[in-house]
Structures are given as C-alpha cells and as structure tokens.
1. Classify segment B:1-87: rounded, prolate or oblate, from the alpha-carbon gyration tensor (a ≥ b ≥ c, eigenvalue square roots; a/c under 1.5 rounded; otherwise prolate if a/b is larger than b/c)?
2. If you take the beta carbon distance between A:VAL186 and A:ALA55 as r and set R0 to 30 Å, what does 1/(1 + (r/R0)^6) give as a FRET efficiency, to the nearest 0.05?
3. Among A:ARG59, A:ARG262, what's the order by accessible area (1.4 angstrom probe), most exposed first?
4. Cα centroids of segment A:162-220 and segment B:231-278: how far apart, whole angstrom?
5. Whole-Hz ³J(HN,Hα) for each residue in segment B:212-229, computed from phi via Karplus 6.51 cos²θ - 1.76 cosθ + 1.60 with θ = phi - 60°, x for glycine and proline: what do you get?
6. Per 5 Å bin, what is the whole-percent P(r) computed from every C-alpha pair distance within segment B:1-160?
7. So who's got an amide H within less than 5 Å of the one on B:TYR110, skipping anything under 5 residues away but keeping other chains? H placed 1.01 Å off N, in plane.
8. Rule-of-thumb check for segment A:25-129: C-alpha Rg over 2.2 N^0.38 Å?
Amino acid sequence: MTLTELAQKALETRREVLRLIYRAGAGHIGGALSAVDLLVVLFYDVLNYRPEEPAWPMRDRFILSKGHSCEGYYVILADRGFFPREELASFMKYQSRLMGHPHPKVPGVEVATGSLGHGLSVATGMALAGKRDQLPYRVYCLLGDGELAEGSIWEAAIAAAHYGLDNLVCLIDCNGLQISGPTQQVMNTQPLAAKWEAFGWEVREIDGHDLQQIRQNLNQVPFTVGRPSLVIARTVKGKGISFMENDFHWHHKVPSREEYERAMKELEGVGPSEIGA
Amino acid sequence: MDRPNRRVFTETLLTLAKNDRRIIALASDSRGSATLNEFATELPEQFVEVGIAEQNLVGSAAGMAKCGKVPFACSPACFLSMRSIEQIKTDVAYSGANVRLIGISGGVSYGALGSTHHSLQDLAVMQAIPGITVILPADNRETAMLTRQLVDYPGPVYMRLGREAAPRVYDDNYRPAIGKGTLLLSGEDMTIVAMGELVRSALDAGYLLRQAGISCRVVALNTLKPLDTEILLTAARETGALLTVEEHSIYGGLGSRVAQLLGECGPVPLTVAGFPDEPLVTGNQEELFRHYGLDAAGLVEKAKELLRRKQTTRL
C-alpha cells in the first residue's frame, strides 16, 4: 500500500472510530485516535495474516494490550474482512461481540485484553512458542504508556530479553496522557528508552503519526538479532480532532452532537447529511 | 510406598512429555518445590523458567496455549492462586487458553512457614471464575491418572497437589474420572464428603465411626468444579446429614458449595470442616490438621455432633 493509501485508511479509520463512539455513547476516543496510525501500518502493510482463516498457524500475532483502544482495532479488522463491516454498528450494544474491550470471539482477536499490563506476557509466551517450534511468525504487542506502571509489564520485558525473543516487537503508544492527567505527573516512567535498553531490548523512538517512519522501522525488525524490539511511538492523544488533542478529558469522554459534527468536519469533507447517528 | 503427589505428577508429566512435544512445563523459580529438575534437564526445549514472576508465568502460559502448546504452569499454590489470579481470570479463563495451573504444596502443606505460604483461599477464588475446572487428587494413583487426563482435557484446569507423602486411598482397579465422585464406604446414618489429601482422614474416620456403631458413608470428590451433584444429593437424601472436609477456609470452598446445593435442592443438617476465618497457629501440616479437628479423630467428633443435630433438627 502506498503512503497516500495508508493515510487515506488512517483518515477513514478515525472517522469510523468517531462514529462508533458517538453512536454507542461510550468508548475511549483519545487513546483510540492516538493508536490509529500504528494500527493502520501494522494491519495494511506489516502483519502477515489471512482474514478468511484467522487461526492460520503461521500468522503474525497481534495483541492490543491497551485493550480500551479497541475502536480503531475493530474498524480495521472489519475493513480487512475478519467480520462484516455492518457489525460495527453493534459496538457495545446488547449481545454484540464488539464489547468495550476485545475478546477472542471477535475474529482476529487473539486474547482478551482490557485489564492493563497483561498483553506483553501473553505476547512473550506466543513468541517463545514460535521460537521453540522454529516457526517464522512474529508477535506484535501494542502497549499504552500509562500501563507501563504495571509491574507485570516489566516481568515480561525481563523474560523476553532473557529468551532473546527477536521475533517479538513491542510498540508503545506514547501519548503522554492517562485518565487522571499527564503520565509524567500521575506516575513518571521516563526515561523510557534507557529503561527498556537496560532491560535488554533494542529501542527505536519514532513519530507515531508519521506513516513512513512507522513503516520503515517496522520493516527493519528485529533491530538486533537475538533481542526483542521496542518502538516508542510519540503520539498525540485525540489525534486528528483539534479540540480533543492533548486533552486527557477526552480519555473516555463522549462527544455531544455539536462536537461530533465539528469533529467529523475536521476529519475532512463530511457534511451533516452524511452523519449517520 | 506412598510418595508426595507433586512428585508423582512431575514423573507422569515427564513420561507424557517425552512423547508429546506440545507439553510445556513452566516454573517460577519453583522447579525445586514442583520437583521439575529432572524435567528441566531431560527436556530443556519443553521447559520454561520465568523466575519469581507469577503474573508472567500465567500470561506466558496463556500465550503458549494459544499457539498450540499444552502448558502446565507449576508454582506454589499460595502464589499461583493469588499473585496471578487476574491473569488466570483474563488471559486463561476468559480468553479460553487451555492452561493447566498446577498449585504445588497446596493447603497447609508448608505448615510452620506460616500463612504467607498457605493456600486456603485458592478454591474459593478459582471456582468463582467461569470455565475453570478445579481438581484435587487424593493419592498417588489418582494424581498419575488425572495428570494423564489433563493433556487433552478441553479447557483450563487448576489442580492442587500437596507437599508431603499422600497416604494411599485407592486400589489398582480405581479409574478416576474428572467431575465424578467416588463412594468409598457405604453407610446410612450420615455422609462424610472429602476432597484431596484429606480423603484418607475421612475414610479413616468412617471406619472409626463404624467401630462405634455408626453407619457412616464416605464420598470422595476429585473435582470441586464441576461438582458431582448427583452423588451428593443422593447422599443427602439417603443419609440425611453431610460433613464436608477440606484443606481450605470454611468460606468459599467445598462446604460453601455443598451448602448452596442443599439450599437449592433440599436442606439436611450440614457441618463444614475446614480452617476457621482467623490466622492459624504455628504447626506442621499434621499438627494443623489435629489442632483444627481435621484428622480422623477430630472428624469423628464432628461427625458425632452432626448426628446429634440430625436427630434433633426439624427442617
């Protein structure tokens, strides 16, 4: 996919995320929007998978450890053909598969996430299984920066380096904000690069909204043979909607009708008539 | 000769794993307590050490299960069931990862090491998690046979094993089935229902009561969940009084579950024998069983008291 096409997918995904959350009257919009560009590059350009055969043993695995950012994930899985696009309208509705946090009953979702700090351990186990079986798949895990305060993340980080899991790629959606405020004030986990390097990971820091940078770096994994790879992606919470950007109140605030319409307009050329709320 | 069930488990697992590459043993610096040293030496490619990190133990095991492995996560029951309980709930049970959680040295196996090392809440928390089968073998034979059944068992399992030599209960013809209770001793006056390594004490108590002229039925359960309700309700109907025996808090384990069942299906007098809701005195496992009336002599006293209540109770 060309960069222009990726950018178009990112824009469409943001629009659909906004629509999902507005219709459901619930969701985590800030973190969903900060992760969109990372997810788009992963699912349209990097990951090897078969939507028609979600359990294909050779597939690359993806774990959304920050499970609350599921909206963009669902939109992309539907667009890639894992389940019908129409099902997106059921997001968080009675008896829907599409809950506010992902579950493997949604085709394409490997494990349930939503309780923070779990994803990297599961990804480590998957990568270790791949190593033991000498299979070529890779495991990708997307973390939030807020969840780095969970001790279990660091248990997994130690083990991944101990076992030299260079088939494991961790990305941190580093938007700098969490539910109560700036991450550096709530619980400062900086300096991140130095910490992860000290734990035995090979670290790259990138702009998490620069599609070319994301793609270029993800195409270079493992960054060092014999070590797990970490991408610290600097992102903006609420990215793409001016009045949501860098405001932690939009962690899980739901836009009003007026806010929704303004946001849709910002996400390019959508008139009120197309607002299908 | 009777040996610790944890030892029988690892020997059986090693035998199975030599012919089944899917089997992985995971340890959290627990290969000594789980007696996994031989496994680690003989099958290094099927052994995973995570260090003292129970959350990562269970999370990693879930990841491996999702990639076609049959992981046995082995760690002291006290830490496995508490330190990693959220990973058990979410990564294993809710995600549908077929992990076998092996709680080593369960109950008060660690005796005088104190409450930090006792697992007297594990059954309560495990049985409240949807989808987890909870297994407690009584003796060596049952441990070996249930371990074999676990390999292809569909769904996550928590199996608790003790540290000390487990006295023999079953003869060589016994064939355990997960979820199925066993009638060990016939009787009509009352029933003792026991689980795990207290089954032997319950059976001994049954014989002592028989000598005292009391016809006591003894039923053994190797599975707390799913519960064999049929054998329990039959015992309640036919003997009219139940004494449950468990190496667990009196809250949330076998006794609580049986009380719920009797409340739903027709009550009979019930005594729940287990550990009280307080810090335990110091003692080894045998001393603690005696102190809290869970040895055969203590169970006999509880049984007699229950019979008195049965005779005076009008439900």
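1. Details: a/c = 1.85, a/b = 1.17, b/c = 1.58.
Oblate.
2. 0.20
3. The ranking, largest first, comes out as A:ARG262, A:ARG59.
4. Cα centroid to Cα centroid, the span is 53 Å.
5. Calculated HN-Hα couplings, in order: 8, x, 9, 8, 9, 7, 10, 10, 10, 10, 9, 9, 7, 9, x, 7, 7, 6 Hz.
6. In whole percents, the pair-distance histogram is 2, 10, 21, 25, 23, 14, 5, 1, 0.
7. Amide H to amide H, under 5 Å and 5 or more residues apart or across chains, B:TYR110 pairs with nothing.
8. Cα Rg divided by the expected 2.2 N^0.38 Å: 1.02.
The values are calculated or read from the model by the stated rules, or taken from the named source; none is laboratory data. Here the structure is a predicted model, which is why all the values come from computation and not from measurement. All Cβ positions, glycine included, derive from the backbone under ideal geometry; neighbour counts span all protein chains shown. Calculation scope for accessible area: heavy atoms of the full protein, side chains included, ligands and nucleic acids excluded. Shrake-Rupley method; radii C 1.70, N 1.55, O 1.52, S 1.80 Å.
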